[in-house]
Amino acid sequence: MHELAERAGISGRTLRHYHRIGLLAPDRVGSDGYRYYGPRAVARLQRVLLLRGTGMPLAQIAAALSASTSTATEVEALVTQLEALHSEQLALERRIHAVEHTLQMRQEGREPQMDLMLQGFNDAYEDDVVRRWGREAFEASNRWWHEMTVNQQRDWKTRNEALVEQWDQLAKDGETPGSFAAQQHAATHIAWFAQIPGTPTHAGDEAGAAAMICGMADMYETNPDFHHTFGGPDVARLAADALRIHVGASTG
């Protein structure tokens, strides 16, 4: 046993554990209690170590190796493990992104907030979204956001910042909510909503889209988080009023 453990780069304790759980039995156990492993056990240990290297749990390894003498079950187990690792990778990327965001906000002396302009479409606002637009809207938009890579989320945030900055510029230019420039940008803003799965604008539901846009306009105007996002309550109110006017004009 000790010779096999040394060659395999594992401990004798690990080999004993594999024996106890039925993963790797020795060819025989001597009267002195020593475990003896032959070529067949060594070959099985190689497969165990290969699968363990993928992060596969020992119970799944045992099932994969015991269910069939062919490689089909082992391949199936590897496919399942690969899918699990991809999910873990995405979850890790989201956690890294969350830490980066929180760190940046703390360094700037601000409270960490939800990703720019996606407020109302992610976890922290689940109850509000479900109440306003239904469970399916939340699930679709939430899944869409969390399936993005970190780079895709950053690109989305950059485009959102440009959208908000334009409202700030319109306010600085003295544009009114009903002006041509403000209404042009309101149309751009609504087209942005249409990119988010689960929203009525994305689904082409005209009546539902109008209600959603007015609901978001109310949030822009009354929620201090959005005041910060837009650069001030006056800018947020300009965007809110322009969106309301545009919806009223487009729906007659």
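The values are calculated or read from the model by the stated rules, or taken from the named source; none is laboratory data. Note that this is a predicted model, so its numbers are computed, not measured. Accessible surface areas use protein heavy atoms only, side chains included; no ligands, DNA or RNA. Shrake-Rupley method; radii C 1.70, N 1.55, O 1.52, S 1.80 Å.
Here Thr158 sits with roughly 80 square angstrom of accessible surface, probe radius 1.4 Å.
Gain on full extension, evaluated as 0.36 nm per residue between Arg143 and Ala59 minus their Cα-Cα distance, stands at 27.2 nm. Figure note: His86, His227 ranked by solvent-accessible area, largest first, 1.4 Å probe, ligands and nucleic acids not counted: His86, His227. For Ser179, the solvent-accessible surface with a 1.4 Å probe is about 20 Å², rounded to the nearest 10. Taking all protein chains together and rolling a 1.4 Å probe, Met56 ends up with roughly 10 Å² accessible.
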